[in-house]
Amino acid sequence: MRPRRALVAALGVAVLLSAVGGGATGGATRAENGTDATTIRVSGAGDVEADPNQAVLEVAVVQTADDADAVRWGLAGNVSEMRRALREANVSDDQVRTTRFDIGEDRGETGEPAGYQGLHAFEITLNDTSRAGAIIDVAVENGANRVDGVAFTLSEERRNELRTAALREAMTNARADADAVAASADLAVTGVRTVSTVESGVDPVRTDVGEVAANAAETDVESGPVTVSVQVVVAYEAVPEGESAAA
């Protein structure tokens, strides 16, 4: 997998300039040395892209029969076979998680009773994204008869690393914007008053595989870069150029 890392920052700005005196409002303060302190508030967003290092496969076993017991036994047999095959493919049990289990009356397209249908759905988490297609094939060839898709994402450790990089980028751009606003008002930024994160998130890459038959050709699943996004709101203190606020 080729390394890819791009830092892209989008910056949204909300500026509050409030000066002391003249009926001004908005919480402006006067520094201890007698200079007029002004607040400049900006919001900065940072986006970091990186190759995924985790794939989450969504597969299911679907069973129909004339009675609920037959559905239950059919599900159990196919699920047991699928799990055995996954273990043989070096996918441990703790990498396989049940996401849904349901058995109910099947009314078909007409709405009339047509037996029973059961569903046992799973998430299979892989730390080697290149195995996604092969493991889908293992599941489908050994009991699974539905594939709902693949999500390429990041492990928690990698996600935290990229979030830190996105935070740095957001803060850098927030400061650059605050400096630009201050300069346009003949002010100079002297420090940070408050910082808060507004939101952050990971945008995984989803691939829809669709219905897969047991005798289908080898599955090839392609991924793309995952984006980690962070937004910060920073209130900076600024004073007239040539003056300095007390520390």
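Bear in mind that the values in this text are calculations on the coordinates, not laboratory data. The model shown is predicted, which means the values in this text are computed figures rather than measured ones. Quick reminder, even Gly has a Cβ in these numbers, built from the backbone with ideal geometry, and neighbours come from all protein chains shown.
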Note down the nm distance, to one decimal, between modelled labels 7 Å out along Cα→Cβ at residue 89 and at residue 70.
2.9 nm
What full-extension length gain, to one decimal in nm, is calculated for residue 202 and residue 81 as 0.36 nm per residue of separation minus the Cα-Cα distance?
40.2 nm
Efficiency of FRET from Cβ geometry, residue 164 and residue 222, R₀ 22 Å, rounded to 0.05
0.20
Residue 62 paired with residue 243, simple spin-label distance in nm, labels 7 Å along Cα-to-beta-carbon:
7.2 nm
Roughly what would the spin-label model give for residue 127 and residue 99, points 7 Å off Cα along C-beta, in nm?
2.1 nm
Which whole-number percent is the relative contact order of segment 54-153 (Cα, under 8 Å, 6+ apart)?
50 percent
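Which order do the peptides 38-51, 163-176 come out in when sorted by mean C-beta neighbours inside 10 angstrom, highest first?
Details: 38-51: 21.9, 163-176: 19.4.
Averaged packing, sorted descending, gives the order 38-51, 163-176.
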